[in-house]
Amino acid sequence: MKNLPLSLTIAAAVGGFTLSRPADWSPGLRRAYVLVPGAAVGAIGVVALSRGMRKGTELAAAGTVDLVTPFTVGAGGDSATTPSYVRAAGPQTRMPGIALTGLAVLMGAAVSGITALSLVLDEAVEAWLVRRRVARPRPVMAMAAVLYSLVMDQVMDSKDAKVSKPRQ
């Protein structure tokens, strides 16, 4: 692990959070646990995509970047065709903005759906452990979460080491 104190702190936080039983939370807290991350991802997505779209439009209009159609230089070397997605001055359509906003909303809904699914899976795992006669299922789940966190941290560090290793 590249940063052992950080890895252990994150693993301890994961284990501590796993000790908390979501079934004991108030309905409002469960609702916030599901909806707040999705809303945050959606809002961040809208802001990031709109800034990116605006910056891309500015760069394309200035002729400094063309990601779709490469500039073709004429025989004299002084003329260049305008990229295909640069529109002449006229009414702008809002369709790309609406589509990107829809994508951000879809990302937020996916995050909320996965979070809601995690609550269902948490309850199912706890019930499975109880059926297996595990006396204290939450500490067992917490230890599994801690081990998973540490193992995944090690796996990701080893992948980073392979990617950053220079070829010889």
### Task
Could you list all residues from region 156-168 that are open to solvent by 40 Å² or more (accessible area, probe 1.4 Å) and either at pLDDT 95 or above or closer than 15 Å to residue 3 by Cβ (or both)?
156, 158, 160, 161
#### Entry: Count - residues of region 112-155 that are farther than 30 Å from residue 46 by Cβ, open to solvent by 90 Å² or more (accessible area, probe 1.4 Å) and part of a helix (DSSP H, G or I)
6
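Residues to consider are 99, 109; find the one that is in a helix (DSSP H, G or I), out of contact with any Lys or Arg (no Cβ under 9 Å at 6 or more places or on another chain), modelled with pLDDT of 85 or more and open to solvent by less than 100 Å² (accessible area, probe 1.4 Å).
On the way: 99 fails: modelled with pLDDT of 85 or more.
Answer to the selection: 109.
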### Query
Which condition does residue 33 not pass, out of (1) at pLDDT below 60; (2) surrounded by 13 or more Cβ atoms within 10 Å (Cβ to Cβ); (3) within 26 Å of the chain's Cα centre (by Cα), if it passes all the others?
(1)
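The values are calculated or read from the model by the stated rules, or taken from the named source; none is laboratory data. These figures come from a predicted structure and were not determined experimentally. Reconstructed Cβ throughout: ideal geometry from the backbone, glycine too, with neighbour counts over all protein chains shown. Keep in mind that these areas ignore ligands, DNA and RNA; they rest on the heavy atoms of the full protein, side chains included. Shrake-Rupley method; radii C 1.70, N 1.55, O 1.52, S 1.80 Å.
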